[in-house]
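The values are calculated or read from the model by the stated rules, or taken from the named source; none is laboratory data. This one's a predicted model, so the numbers in the text were calculated from it and none came from an experiment. Don't worry about glycine lacking a Cβ; one is built from the backbone with ideal geometry, like all the others, and counts go over all protein chains shown. Areas reflect the complete protein model, heavy atoms only, side chains present, ligands, DNA and RNA absent. Shrake-Rupley method; radii C 1.70, N 1.55, O 1.52, S 1.80 Å.
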Amino acid sequence: QDQVWGIAYNIGEEDQEKVMAHLDYREKDGYHRKAVLFHPQDNSIQPWHLTLYLGADSNPFYTGPTNENTIAEIISLAAGPSGPNSEYLFQLAEAMRTFGVSDSHLFDIEAKVKNILSVV
């Protein structure tokens, strides 16, 4: 019964190979492609299949079941080629608010990371 929220992008056929190569590089280290049925928030639009990337337990950074305090500590210290993980978290939380999604787990981690980083 879990739900995943996000934005679906339609990549033009002429750009698919280049975009997928970029995403395959960015999502390496234990992520794999998965085709799923996407249900738009607008129920008048028919669902369609798309590709997303899922982290697997083979990912070297996979921690398994982890409490929110530990997750916040990890995120506050982590950074990669795309930037600090905290910025990704903050942008994700803001996007969920924009969508009208209330995710207490996400927002609790966001608050903990902001506290660790002393960000207001």
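General observations
- Proximal charge balance of residue 68 [Cβ under 11 Å; K/R count +1, D/E count -1]: -2
- Accessible-area ranking of 96, 20, largest first, probe 1.4 Å: 20, 96
- Using a probe of 1.4 Å, the accessible surface attributed to residue 49 totals some 130 Å² when neighbouring protein chains are kept in position.
- Residues whose amide H comes within less than 5 Å of that of residue 38, counting only those at least five positions distant or on another chain, are 48, 49, 50 (H built at 1.01 Å from N in the peptide plane).
- Cβ-defined net charge surrounding residue 56, 15 Å radius [Lys, Arg +1; Asp, Glu -1]: -1
- Between the exposed loop cleavage positions of the chain, defined as chymotrypsin sites (Phe, Trp or Tyr not before Pro) in a non-H, G, I, E, B DSSP state with at most 11 neighbouring beta-carbon atoms within 10 angstrom, the longest gap is 62-120.
- Cα gyration tensor category, rounded, prolate or oblate, for region 1-65 with a/c compared to 1.5: oblate
- The listed residues 15, 57 rank as 57, 15 when sorted by accessible area, largest first, using a 1.4 Å probe.
- Accessible area expressed per residue, the chain, with surrounding protein chains retained (probe 1.4 Å, Å²): 78 Å²
- Ligands, DNA and RNA left out, the accessible area of the chain computed with a 1.4 Å probe is 52% carbon and sulfur.
- Candidate values (i) 16.1, 44; (ii) 20.2, 65; (iii) 14.8, 50, label of the one derived for Rg and Dmax of the Cα atoms in Å: (i)
- Under Karplus coefficients 6.51, -1.76 and 1.60, residue-wise ³J(HN,Hα) of region 80-85 in Hz, glycine/proline x: x, x, 8, x, x, 5
- Sequence-separation-based contact order of the chain, relative, with Cα cut under 8 Å and 6+ spacing, percent: 18 percent
- Listed residues 110, 17 arranged by accessible area, highest first, probe 1.4 Å: 17, 110
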